[in-house]
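The values are calculated or read from the model by the stated rules, or taken from the named source; none is laboratory data. If you're wondering where the values come from, they're calculated on a predicted model, not measured in any experiment. Here the Cβ positions follow ideal geometry from the backbone for every residue, glycine too, while neighbour counts run over all protein chains shown.
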Amino acid sequence: MLFCISPQNELIPVLAARPDLHRITDLPLHPNIPLDTHFPYSKKLQTSLEGKKLLFEEINVPLEEIQAHYLKGYCDYHPGIMKNNSKSICLRCGNKRPDFFASFSCARCKRACTYCRNCIMMGRISECTPLVSWTGPPTVITPCPLEWQGTLSPGQQYASSKIVEAVEQNCEMLVWAVCGAGKTEILFKGIEKALELHKRVCIATPRTDVVLELAPRLQQAFPAVNVIPLYGDSGNKLKYSPLFISTTHQLFRFEQAFDVIILDEMDAFPYSADETLQHAVSKARKQNSAMVYLTATPSKSWQKKCQNNKIAYVKIPARYHRYPLPVPRFVWCGNWEKLLNRGKLPERLLVWLKERLSKDKQILLFLPKIAHLEKSKSILKKLESSVETVHAADPHRVEKVQKMRNKQIKLLITTTILERGVTFPNIDVAVLGAENDVFTDSALIQIAGRAGRSDKNPYGDVAFFHHGKTWSIVEAGKQIENSNKEAAQKGMLLPEAGE
Ligand SMILES: [Zn+2]
Ligand SMILES: [Zn+2]
């Protein structure tokens, strides 16, 4: 899309190719047009655009209508790519890395046109691609009562009240809650408070699985709002709600949109390793807003921030059912990789598996690499005919996880993809090759946290089979034991639950 300038200095988008037209990137900053409060603006456009910056192609409204809103002060145009001393910046994803930009000979602007490769999955954004924003009045948010009837554990209760405070006062805080602490429920009161104060809320997470799992639970708790899940192909990108649940990727489209952002699983891949996703989250916040970070396994640097009072934080060391976390056992099993290559598995692992299967327990078995999955499956087929494997790129991943939930699969072999975000009520967990680098201390804590999650089956067995203990293995065990100790000291465990 190219522009010409009216005598009144307004931008006019033009579809035809003409020599007098400009790319948005090359235009000087243009003055804001004052809002004409008598203009009968389109609710549809407001819904689609509020708090966002979108490409023309993304908005399902004719160009003439967008331009009419622009001329009355209800929309604005922005460059997508900016150049500063020949260095490019993508204003959608914040990418600044030169190797993540490329140029092509553009049919529209008839010259070499730089585009961003980092966010290309959301539609190509180049020097002649404007972004459109809403500058009209915001949607009025109506309060919505919480319909959830459950009760919170003492640890949950404390965290919940702190979140309410953060929402009221627009503060930042970290909730460090062990796996199975019941993170979702502690958010409810804070969300209710936000809606009561006419605030717009987003729960963001790096993982689509988490979006899919949380959306129905939030909808149930707040039946009067339309909870909108946003992920790769959710098809919801033009919908409006005061309550979104979104992958961090989808936040690239938002700007100054939310009064409250709750970032779940902040230490999970890819968010933790991708600066542009971190940029997306901070860009989506309003200047004056609350930010709640949520995790069971904060990184070392975040743990330090807590210790040095650099951020307000609450720790919930106990699970919602008030039984202690299962403490992993470390079992040395020799060179298992060599054995596996010869079509065998360590005897100690086999004994462990047989014992569980004979008791009709379901098992998650974690292995370091995809290459290990099929090999071990063919060996374990003799032990358990329902054995299956799953990994990140598995097209049947969702079905297999569902089958595990339905107990049609008794033994599921997986990579770290299932280390978090999934809950099976009654499983035992083993890791083979726990010494591998992919099993960081946080990964191992998360894996151990899959066991004993339901109050009907609060105990679970966790075994780390290894060929040499690593720092991560020892650290994971230590942290789990520390949480149990802290929970006991604070009286957060049931008296009969014991150690
Ligand atoms: Zn970009
Ligand atoms: Zn171009």
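Here are some notes:
- Residue 97 being closer than 30 Å to residue 1 by Cβ, within 16 Å of ligand 2 (Cβ to nearest atom) and more than 22 Å from the chain's Cα centre (by Cα): no
- Scanning segment 392-400 finds no residues that are out of contact with any helix residue (DSSP H, G or I) (no Cβ under 9 Å at 6 or more places or on another chain), free of Cβ contacts under 8 Å to residues at least 24 places away in the same chain, over 23 Å from residue 208 (Cβ atoms) and among the charged types (D, E, K, R).
- Residues of segment 105-130 classified as over 20 Å from residue 53 (Cα atoms) and either of a type in the set (Asp, Glu) or out of contact with any Cys (no Cβ under 6 Å at 6 or more places or on another chain) (or both), total: 5
- Taking the criterion of being modelled with pLDDT under 95 and either surrounded by 15 or more Cβ atoms within 10 Å (Cβ to Cβ) or closer than 21 Å to residue 112 by Cα (or both), the residues of segment 131-145 that qualify are 139, 141, 144.
- Qualifying residue in segment 268-282 (condition: under 13 Å from the mean Cα position of the chain (by Cα), within 14 Å of ligand 1 (Cβ to nearest atom) and among the small types (Gly, Ala, Ser)): yes
- Listed by position, the helices (runs of 4 or more DSSP H) contained in segment 359-468 that have at least 3 residues being surrounded by 24 or more Cβ atoms within 10 Å (Cβ to Cβ) are 441-448.
- Residues that are farther than 24 Å from residue 52 by Cβ and either touching a residue at least 24 places away in the same chain (Cβ under 8 Å) or part of a loop (DSSP other than H, G, I, E, B) (or both) within segment 86-96 comprise just one, 86.
- Filter pass, residue 325 being more than 15 Å from residue 428 (Cβ to Cβ), at pLDDT 95 or above and in contact with a Lys or Arg (Cβ under 7 Å, 6 or more places away or on another chain): no
One line per residue, one yes/no per condition, for (1) near ligand 2 (Cβ under 10 Å from one of its atoms); (2) farther than 22 Å from residue 289 by Cα; (3) among the basic types (Lys, Arg):
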| site | (1), (2), (3) |
| --- | --- |
| 101 | no, yes, no |
| 109 | yes, yes, no |
| 116 | no, yes, no |
| 125 | no, yes, no |
| 139 | no, no, no |
| 143 | no, no, no |
| 152 | no, yes, no |
| 161 | no, no, no |
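- Check on residue 212, assigned to a loop (DSSP other than H, G, I, E, B), surrounded by fewer than 20 Cβ atoms within 10 Å (Cβ to Cβ) and in the same structural domain as residue 291 (by TED's automatic domain parsing): no
- Qualifying residue in segment 262-269 (condition: modelled with pLDDT under 95, touching a Pro at 6+ places or on another chain (Cβ under 8 Å) and aromatic (Phe, Trp, Tyr)): yes
- Any hit, segment 155-168, residues being assigned to a helix (DSSP H, G or I), farther than 27 Å from residue 297 by Cβ and of a type outside the set (A, V, I, L, M, F, W, C): yes
- Residue in segment 53-74 that is touching a strand residue (DSSP E or B) at 6+ places or on another chain (Cβ under 6 Å), within 16 Å of ligand 2 (Cβ to nearest atom) and assigned to a strand (DSSP E or B) present: no
- The residue that is nearest to residue 124 (Cα to Cα), among those in segment 51-76 that are surrounded by fewer than 17 Cβ atoms within 10 Å (Cβ to Cβ) and among the acidic types (Asp, Glu), is 57.
- Residue list for segment 100-147, restricted to those being among the charged types (D, E, K, R) and within 16 Å of ligand 1 (Cβ to nearest atom): 117, 124, 127
- Members of segment 183-204 found to be crowded, with 21+ Cβ neighbours inside 10 Å and at pLDDT below 95, listed by number: 183
- Among (1) part of a loop (DSSP other than H, G, I, E, B); (2) more than 9 Å from ligand 1 (Cβ to nearest atom) - the single one residue 78 does not satisfy: (1)
- Considering only residues in segment 153-175 that are of a type in the set (A, V, I, L, M) and touching a residue at least 40 places away in the same chain (Cβ under 8 Å), the one that is surrounded by the most Cβ atoms within 10 Å (Cβ to Cβ) turns out to be 159.
- Filter pass, residue 83 being out of contact with any Gly (no Cβ under 8 Å at 6 or more places or on another chain), surrounded by fewer than 17 Cβ atoms within 10 Å (Cβ to Cβ) and not in a loop (DSSP other than H, G, I, E, B): yes
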